[in-house]
Amino acid sequence: MDASAPSDAVAPPGGKRFPCARCGAKLEFAPRTSALKCPYCGHENPIPESGAAVEELDFLAHLEAFAAAEPTHERETLKCDACGAEIHKPPQIEALSCPYCGSNIVAMAASRRLIKPRALLPFKIERDEAQARFRHWLGKLWFAPDAVKQYARVEQRLTGLYVPYWTYDCHTTSAYTGERGEHYYVTVGSGKNRRTQRRTRWYPASGVVRNRFNDVLVLASRSLPRRCAERLEPWDLRSLAPYDDAYLSGFTAEGYQIDLAGGFEVARGIMDETIEATVRADIGGDEQRIHSVDTRYADITFKHVLLPVWISAYRYKQRVYRFLVNARTGEVQGERPYSWVKIALVVLAGLSAAAAAWWLAQQYGAW
């Protein structure tokens, strides 16, 4: 046997053997090439090229798989033809007013199979307290039409509603490229034109940042104005209770209109703001330019939850206005019309006061 022949020609247990075609030794990958090279005789075996494309892991497909594994329940829903809201049909009731737009819903219920909520926040603020907070909020609205404040006295219009949400947890890894700007100052000009100018030197920057997101909250309704819903935050999600149908007794609940994958797309936009801030902090300097960010998402989990609001909706001059009360904290938010008559009267009063002041100034100035 040749003393120079390798003694480890046998592949290790569980490993795949790549023998040299010339001497039988185990081949090793040669960096900067696309071949395996024998460390003893130098013979190379090219690695066959594969026609398969390298595909990014589709996390949306994984979300769909998660959704398929979640418990579901069959719900009869009534759909509002005016605003599109889909309300769970209360027992023994065939018609009701839509809590989102005030329209009458009279229709046959349709059956939908939905992901069952995993948790909810039970109502904490009672109707009377919510009505009082609603009235107080309206009382502070300047230039609101009188009809709006009269409407506040109609207590039965305030509806207790469970609104559907998704929450998402995940870890993100973001590779970025950009530039770091550092300020410096120079003196320019001479004499009276001598002055200091700030300038910026730019340096290339790149790196990787990681973030962990917990309970990114996404509204799953298309009927509720997102701007108003966001102003009801924060929600005490640490107090979520396991879902039980008993909590819905006496209240209305809406089925989600934005599905799990669509909700995650919204969540990505929310997470992007934090990721951008993390990238800028990592670049450092006085200014930052971000050229590219490539984010990977891992350990994605989700919950379907219901959050409680007291809601009131009515039409004023062919437009729907909504008022909402966070049924946990009492925070009030809403849309409101303006009385242009009141605004015009205030403007005229201001102009009259200004004219009177000018006239008095002229009269006293003449003396």
Taking a label point 7 Å from the Cα of Thr301 along Cα-to-Cβ, the residues of segment 207-224 whose backbone nitrogen sits under 16 Å from it are 212-217
Taking a crude spin-label model, label points 7 Å out from Cα along the C-beta direction, the Asn45 to Thr177 distance in nm is 3.7 nm
Expressed in nanometres to one decimal, the distance between label points 7 Å along Cα→Cβ at Glu273 and Asn214 is 2.0 nm
A student applying the Cα gyration tensor rule (rounded when a/c is under 1.5; otherwise prolate if a/b is larger than b/c, oblate if not) would label segment 182-228 oblate
In whole angstrom, largest first, the equivalent ellipsoid semi-axes that the Cα gyration tensor gives for segment 257-308 are 29, 12, 10
Under the 7 Å Cα-to-Cβ spin-label approximation, Arg118 and Glu64 lie apart by a distance in nanometres of 2.1 nm
Taking every C-alpha to C-alpha distance in segment 181-337 and binning by 5 Å from 0, the per-bin percentages run 1, 6, 12, 13, 13, 11, 9, 8, 7, 6, 5, 4, 3, 1, 1, 0, 0
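Starting with the highest mean, order 37-43, 289-295, 305-311 by the number of other Cβ atoms within 10 Å, averaged over the residues of each peptide. Before the final figure, lay out each step's value.
Values: 37-43: 15.4, 289-295: 13.0, 305-311: 23.9.
Listed from highest to lowest mean packing, they are 305-311, 37-43, 289-295.
The numbers here are math on the coordinates, done by the rules we state, and not lab data. Keep in mind that this is a model prediction, so the values were computed, not measured. Heads up, the Cβs are rebuilt from the backbone with ideal geometry, glycines too, and the neighbour counts pull from every protein chain shown.
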